[in-house]
Amino acid sequence: MKKFAIPGIILSLFLLLGCPSKKTTTTANEPECMDAETAKTLYKSTNSGSNKRCATMEVLEKHIVKSPNLKSRMEAIENQCKSFIELRKSGKIADMDTLNIPTVVHVIYSKDEENICKQQIISQINVLNQDFTKTNTDINQIPEEFSEFSANIGIRFKLDTIIRVSSTRAEWGTNDQMKFSSSGGSDVVDSSKNLNIWVCNVGGGILGYAQFPGDDPATDGIVISPQFFGTMGSVTAPFDKGRTTTHEVGHWLNLRHIWGDGNCLQDDFVDDTPVSDGPNFGCPTYPTLRCNTNDMTMNYMDYSDDACMHMFTIGQKDRMQAVFAPEGPRQSFVKPLVQ
């Protein structure tokens, strides 16, 4: 049985509150898209090792300290997930029909370049739809060793609303303040029916972070810095293919990092991903050997550069579909909540 350990290191970020915000929607005053050359002058391309690709596990640790019941709720979700997978393997549960997820994008900006255009947002939605249906054009780059495990997750995302918030706050950190209008951010839109994505400058070299199922509905969703969101406009290499958002949505659907955030004895609760002891960066050469197995460096839940991520596995698909099953933490996306 694979096990998971939560890291014990908690990030302490002291945040200043922004001024009250002004909101507009996509119906008027749409900003123009930034051209690539202008983006390069504002956002420098960075070495992948100089950024912290994902702060999800540190955020989880902070949330557990803040809400001690969260750990038991997540344990119950894991038990439901295990039962679902066992029934799936026995043939008692069929593959679900393609599920459409309404998506609300909150754009919070203090600079013009952070007020990303609608086309940039749509480019990110397109990447999600390709990556979660195995229609991404780079799927043929998966090594033969792993190609049989690549999966169509059967999930599509539909842009529902864009909310724009002007703020004087330069960086937001990871304390969820961008998710509340009272602190200058934007309030969640019914997280039982919508995927909420906050696009704002996280700062600290962090590309983004997500919230796992079972956590507070008032903060449920994912957060991405604008220069790593989508495939055009202000995006910067090597995180310019939209895979940061794919990675964080994976967490939102109960996936762990592919190395399990531990050593070779700990893993990600998925049988068809190799055991590893840490993330990979850049574009690793195949094969990359760790823990006496070849790493699946091209998996969306690793830390490889965007251009070198190509797949989810069948086991990851089972975990993600489990959250929408009866008694699953996101079943409300499939059927209305019981009143």
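The values are calculated or read from the model by the stated rules, or taken from the named source; none is laboratory data. Remember, predicted model here, so these are calculated numbers, not experimental data. All Cβ positions, even for glycine, are placed from backbone atoms using ideal geometry, and neighbour counts span all protein chains on display. All accessible areas refer to the heavy atoms of the entire protein, side chains included, with ligands and DNA or RNA removed. Shrake-Rupley method; radii C 1.70, N 1.55, O 1.52, S 1.80 Å.
Quick notes on this structure:
- The base-10 log of I(q)/I(0) for the range 106-146, evaluated at q = 0.16, 0.28, 0.33 Å⁻¹, reads -0.58, -0.94, -1.07 [Debye formula, identical scatterers on Cα atoms, solvent excluded].
- Spherically averaged projected area of the convex hull of Cα atoms, the range 141-236: 8.6 nm².
- Summarising the overall dimensions of the range 236-284 from its C-alpha atoms, the Rg and Dmax are 12.1, 36 angstrom.
- Overall dimensions of the chain as given by Cα atoms, namely Rg and Dmax in Å: 19.0, 56
- Point-to-point label distance, Arg156-Ser192, nm (Cα→Cβ direction, 7 Å offset): 2.6
- Shape summary: the range 235-339 maps onto an equivalent ellipsoid whose semi-axes, from the alpha-carbon gyration tensor, are 27, 18, 10 Å in decreasing order.
- Springs between Cα atoms under 10 Å define the GNM used for the chain, and in it the highest mean-square fluctuation of Leu207, Leu159, Leu255 occurs at Leu159.
- Entry comment: accessible area of the chain is 44 Å² per residue, from protein heavy atoms only and a probe of 1.4 Å.
- Partners of Lys82 within straight-line reach, counting aspartates and glutamates whose Cα lies under 18 Å from its Cα and excluding those fewer than 8 residues away in the same chain: Asp95, Asp267, Asp268, Asp271, Asp272, Asp318, Glu327.
- Think of it as helices only: each DSSP H run of n ≥ 4 in the chain is worth -39500 (n - 2.57), and spread over all residues that comes to -7000 deg cm²/dmol at 222 nm.
- Mean sequence separation of contacting Cα pairs (under 8 Å, at least six apart), scaled by the length of the chain, corresponds to a relative contact order of 24 percent.
- The range 63-142, Cα convex hull volume normalised per residue, Å³: 203
- Inter-site label distance for Glu75 and Val334 at 7 Å from Cα along Cβ, in nm: 2.6
- Compared with the direct C-alpha span, the chain from Ala36 to Lys66 gains 6.7 nm at full extension, assuming 0.36 nm per residue.
- Distant-in-sequence amide H partners of Asp187 (H built 1.01 Å from N, under 5 Å): Ser181
- Distance histogram for the range 202-294 (every C-alpha pair counted, 10 angstrom bins, percent rounded to whole numbers): 15, 37, 36, 11, 0
- Placing a pseudo-label 7 Å from each Cα along the Cα-to-Cβ vector at Asp95 and Thr168 gives an inter-label distance of 5.4 nm.
- Dimensions in Å of the range 57-200 - Rg and Dmax from alpha carbons: 18.8, 55
- When the C-alpha to C-alpha distance is required to be over 31 Å, the pairs from Lys111/Lys241; Lys44/Lys193; Lys71/Lys111; Lys52/Lys92; Lys40/Lys317; Lys89/Lys118 that qualify are Lys44/Lys193; Lys71/Lys111; Lys52/Lys92; Lys40/Lys317; Lys89/Lys118.
- Once the C-beta distance of Asp271 and Asn126 is scaled by a Förster radius of 41 Å, the resulting FRET efficiency is 0.85 to the nearest 0.05.
- The trypsin sites (Lys or Arg not before Pro) found in the range 100-189 that occupy coil by DSSP, while having at most 15 further C-beta atoms within 10 Å, are Lys111.
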